[in-house]
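Novice: Sharing a structure with you now.
Read the figures in this text as sums done on the coordinates, not as results from a lab. On a predicted model such as this, the values are computed, not experimentally measured, just so you know. Cβ: placed from backbone, ideal geometry, glycine included. Neighbour counts: every protein chain shown.
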């Protein structure tokens, strides 16, 4: 049932909603994050395939960004906004935690999510038609795999919180399985380019996670969401770059 716990947490898809997942199931569920990402990716890619016959590409890009936000229940975008709000100003880590707990979005967070969505839209809209479906499938897989990495690799900042449940159940064994799932999905679709996508988005995520660790004295549930958003836009930007320049077989 850990897979169901991951599906319930990361999406709004109906999955035994009448039954609450146990803490143990939630803590073990990170191994399935890339698999849930694949389900999200299939929905996005399928939606693109249907819409491209009747809707202009630019409009489809906008609709797909709305779609991924709806599918995830706005979870990661909310974490991104809170994280950006917490980064602003010269504050202690404890003061930053307090800002992140505030239910109101601040100017930093609003500006940050606006810029994020513009970049995500531009990157998605610039990918050649022949690679859009593959990019839509791989993007949520790689981004959720990188969340698993962040959970495993960095200390949790606060003594409690929902993110702490995932951290308590994290292990490098689970990360290894999540990595194998990610490679099994990404490599057949992008071949050699998959290395650039994984390593490039991984490097950006590593830098982001390290920066957030310094700001917040560790990571939190909100920063996990922010890392997912940064990873998503990184994947789209890298695919766009490779396809535009016809590198590593992307034409």
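Novice: Arrange the peptides 221-231, 191-201, 171-181 so that the one whose residues have, on average, the most other Cβ atoms within 10 Å appears first.
Specialist: Result, highest mean first: 221-231, 191-201, 171-181.
Novice: Assuming a ≥ b ≥ c are the square roots of the Cα gyration tensor eigenvalues, decide whether the range 77-155 counts as rounded (a/c under 1.5), prolate (otherwise, with a/b larger than b/c) or oblate.
Specialist: Numbers: a/c = 3.48, a/b = 1.67, b/c = 2.09.
Oblate shape, in that a/c is at least 1.5 and b/c is the bigger or equal ratio.
Novice: State, as an integer percentage, the relative contact order of the range 22-136 based on alpha-carbon contacts under 8 Å between residues 6 or more apart. Numbers along the way, then the final one.
Specialist: Numbers: 64 pairs, mean separation 37.3, N = 115.
Over the range 22-136, the number comes to 32 percent.
Novice: If you don't mind, there's one more thing I want to ask. In whole Å, what is the distance between the alpha-carbon centres of the range 1-42 and the range 175-251?
Specialist: Cα centroid of the range 1-42 versus Cα centroid of the range 175-251: 21 Å apart.
Novice: Tell me, what is the percent relative contact order of the chain, built from C-alpha pairs under 8 Å that lie six or more residues apart?
Specialist: On the way: 355 pairs, mean separation 72.5, N = 251.
This gives 29 percent for the chain.
Novice: Something else about it: Zone of residue 103 (label point 7 Å along Cα→Cβ, backbone N under 19 Å): which residues in the range 62-92?
Specialist: In the range 62-92, the label zone of residue 103 (backbone N under 19 Å from the point 7 Å along Cα→Cβ) covers 73-83, 85-86.
Novice: Pull out a ≥ b ≥ c, the square roots of the eigenvalues of the alpha-carbon gyration tensor of the range 204-251, then state rounded if a/c is under 1.5, prolate if not and a/b is larger than b/c, and oblate in the remaining case.
Specialist: Numbers: a/c = 5.34, a/b = 3.05, b/c = 1.75.
Taking the square roots of the gyration eigenvalues as a ≥ b ≥ c, the range 204-251 is prolate.
Novice: Also: What residue among 111, 209, 150 shows peak mean-square fluctuation when the chain is described by a Gaussian network model with Cα springs under 10 Å?
Specialist: Maximum fluctuation in the GNM of the chain, among the listed residues, is at 111.
Novice: Calculate the radius of gyration of the Cα atoms of the range 33-245 to one decimal place, then report Dmax, the largest Cα-Cα distance, as a whole number, both in Å.
Specialist: Spelled out, the Cα radius of gyration and Dmax of the range 33-245 are 16.8, 52 Å.
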